[in-house]
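The values are calculated or read from the model by the stated rules, or taken from the named source; none is laboratory data. Just so it is clear, the structure is predicted and the values come from calculations on it, not from any experiment. Cβ coordinates were reconstructed from backbone atoms using ideal geometry, including for glycine residues, and neighbour counts include every protein chain displayed.
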Amino acid sequence: MNRHFRWAASQRRPSRPALRQIAAWLALVPGLLFLIAPAHAFSFSKKSKTEESSSNKAGRRTESAFDEAIAKIKAGDYAGSIPLLQKSLAANPSNADALSELGHSLRKVGRLDESLQSYQKALALNPKHLNAAEYLGELYLEMKRPDLARKELEVLTALCPSGCEPRSELEEQIAAYRPQ
């Protein structure tokens, strides 16, 4: 028997539960190191530092334009949000959120055909985009197409069967709809 693994008579041998507890703690060490280590230590990107900083700046500018547009939308300045959303989309044309909000703003200023195109693009990129589906349903009501609005409500019902804000808002809009 290997003498390195024998316990001396004077030493107290740890119990099995204690050994299991030590092993469990040792198993956590790699995970803890991963959480503590800085994120750049695990970066496998091939971009140079200048490429990263320029892309980060561009990303921040478009995020900034998007954030400014959202602030304008919340303030009711739909016309003012349109160029900001277009700027954001110029940098990232596959941003379904920006497309949905652009459609919303276009709808609010009366540009219904362009609004329809924006919603359709947003839903083509992300068919589960709740706001785009809700806003498209509202657009259909404005276009006097409650049948299509109900189809969007069916989509929202399938996406959030236990209920969600976009679904309940579209339900209210459809219930209040009176053709003129």
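In the set (1) part of a loop (DSSP other than H, G, I, E, B); (2) over 12 Å from SER118 (Cβ atoms), ASP67 fails one condition alone, (1). For region 76-90, the criterion of being without any contact (Cβ under 8 Å) to a residue 40 or more places away in the chain, under 22 Å from SER168 (Cβ atoms) and assigned to a helix (DSSP H, G or I) is met by none of the residues.
Being over 22 Å from ALA96 (Cα atoms) and in a helix (DSSP H, G or I) narrows it down to one of GLN180, GLN120, GLN173, so name that one. Residue meeting the stated conditions: GLN173. I'd like to check something: does region 92-103 contain any residue that is closer than 24 Å to SER168 by Cβ and outside any helix (DSSP H, G or I)? No.
Given the criterion surrounded by fewer than 21 Cβ atoms within 10 Å (Cβ to Cβ), at pLDDT 95 or above and among the hydrophobic types (A, V, I, L, M, F, W, C), identify the matching residue among ALA132, ALA158, ALA122, ALA149. Full working, then the answer.
Details: ALA132 fails: surrounded by fewer than 21 Cβ atoms within 10 Å (Cβ to Cβ); ALA122 fails: surrounded by fewer than 21 Cβ atoms within 10 Å (Cβ to Cβ); ALA149 fails: surrounded by fewer than 21 Cβ atoms within 10 Å (Cβ to Cβ).
Within the list ALA132, ALA158, ALA122, ALA149, the selection yields ALA158.
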